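Participant: Below is one structure. I have some questions about it.
The values are calculated or read from the model by the stated rules, or taken from the named source; none is laboratory data. Quantities reported herein were computed from a predicted structural model and do not represent experimental measurements. Because the Cβ atoms are built from the backbone with ideal geometry, glycine has one as well, and the counts that use them run over all protein chains shown.
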C-alpha cells in the first residue's frame, strides 16, 4: 500500500516497503510555501484573517484595505473576501473602509462572521465599525461603536455569564453605552468592562481553560490604565473578578497576543514594539506564565530585531506537536537571519525560518485545520510580494504535512461515497496517461493513470 502526504498543495505518494517484519515509508513531506492564493492575490493589504464555515464548507476570510481579490482585474470585493481553496468571492458589496479584525461567534441564531474596522456601512447597510455576516447578508451589531474611530480586535470569551463577543479599539461608546476602548456583546446588547482602558487597544486573546493564565481575557495596546489600575500596555479581565495586571507590563505597545501550551501548561505570549517585559529585557516578544515574564531565546539575541505584529499556533505535521509562529517586520530572530516570519521550537528553545520567509512585513496570520479544502495551512497576509522564491501579492499559504489513508480524498478519516465520486471523476482506463494532482489520492498501483487495478485496491478500503 502507499502513504499520502500533502505539501504545498500537492499530494506526494510514498511506497510502503515491508521487509523482515518492519515497515518503512518513503520520505515524508516537508512544509513549504504555496503562493497560489497570492497569484495574483490582493490589490491592497490584508490586516485580518479567519476561517469560517457559512454552510458551504470552511473557507478563509480576508479583511483589510483592498478593492479587488484576484489582482487588478479580479473581482471587486471592497475590503473583505472569501477564499474557498480555489477561487475568490465577494461578501455582497463588502464594507466601505478598512477591516482590522475578524471573529466567529454564535449569538444564538447561528454561527456568523463578525467584522471590525473603520467602516461606516456594510453593503450599504449602516454598521459603524462592526458588522455581522451570516453567509448571505450583512447586519449591524447593536448600533456599533457610535463615536469610535475603529475596532481593531475581536475575540470570544465566557466570563461565567455565557460566551460573548469582545471588541477592542479606539472607541469610547458601544451601542450608546459608555465603554472605554473595550466592550462585550452578548448577542443582544453591549456592555462595558468596568471603566475600561485609558488609551487604545490593539490585541485580544482569551482562554476558558483553567490554568495559571485562565480562564481570562487578555488585552494589549498602548494604554497605561485598566479599570483604574496601573496596567502598562497589557491587562487581564476575569469577569466578576474584574481587571488585573501582568507584573510591570510592557514598555511599548502590545500588538499581538496568543495562548500556547509548550508542555509546561498554557501561557500567554505577547508580541509588539516593546523591549522590556516586566523587568526582563525581551526583544519584541515575551511569555507570561501567570506570575513572571520570560524571553523566547536567551541572552541579547532573544526574540527579534523589530516588531512582532501577529502570533499563531500551528502544527505543521513534521512531529513534536504544535509550535508558536510569530510574524512582523523583523529580519532576525534569535540572532539568525529570518525574514518577517519565524517558528519557535519550545523543545530546543530556538527560532527557525519558514524557507526564505517574505520580502516585506507580515501583518496577520490564521490557521486552517486539516480535513478542509484550505488546510492544514498557516495563512499569511501583509505588505509582501514574495514568499520563498514565489511571487505572492500580499497573501500566501505555508502548507503543513498530513498523513492520509490512500483513497481518503476528502481527508475525513474514512473512504466513503464522497471519495467514490472523486474516483469516478478520475477513472481514465489503462494507458491513458497522467491524471491531475487532485487524483493522486486514488492512485494505488504506482503508475500514472487511474484504472481497474486502482479500483480493486479502492474497494478493499471502501467503508460505504
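Participant: Among 91, 60, which is the only one that is more than 15 Å from the chain's Cα centre (by Cα), crowded, with 24+ Cβ neighbours inside 10 Å, in contact (Cβ under 8 Å) with a residue 24 or more places away in the chain and assigned by TED's automatic domain parsing to the domain that holds residue 128?
Facilitator: Values: 60 fails: more than 15 Å from the chain's Cα centre (by Cα).
The unique qualifying residue is 91.
Participant: Condition test on residue 279, is it farther than 22 Å from residue 47 by Cα, at pLDDT 95 or above and surrounded by fewer than 17 Cβ atoms within 10 Å (Cβ to Cβ)?
Facilitator: yes
Participant: Hey, any hits in segment 30-45 for a residue that's over 18 Å from the mean Cα position of the chain (by Cα), at pLDDT 95 or above and buried (at least 19 other Cβ atoms within 10 Å of the Cβ)?
Facilitator: yes
Participant: Right, next: Does residue 271 qualify as being assigned to a strand (DSSP E or B) and in contact (Cβ under 8 Å) with a residue 24 or more places away in the chain?
Facilitator: So residue 271 fits the description; yes.
Participant: Since residue 54 meets every condition but one in (1) farther than 30 Å from residue 360 by Cβ; (2) at pLDDT 50 or above; (3) surrounded by fewer than 17 Cβ atoms within 10 Å (Cβ to Cβ), which condition does it not meet?
Facilitator: (3)
Participant: For residue 296, indicate whether it is in contact with a strand residue (DSSP E or B) (Cβ under 7 Å, 6 or more places away or on another chain), under 30 Å from residue 400 (Cβ atoms), crowded, with 24+ Cβ neighbours inside 10 Å and assigned by TED's automatic domain parsing to the domain that holds residue 49.
Facilitator: Yes, satisfied.
Participant: For the condition crowded, with 18+ Cβ neighbours inside 10 Å and at positive phi, what is the one hit in 162, 135, 144?
Facilitator: Within the list 162, 135, 144, the selection yields 144.
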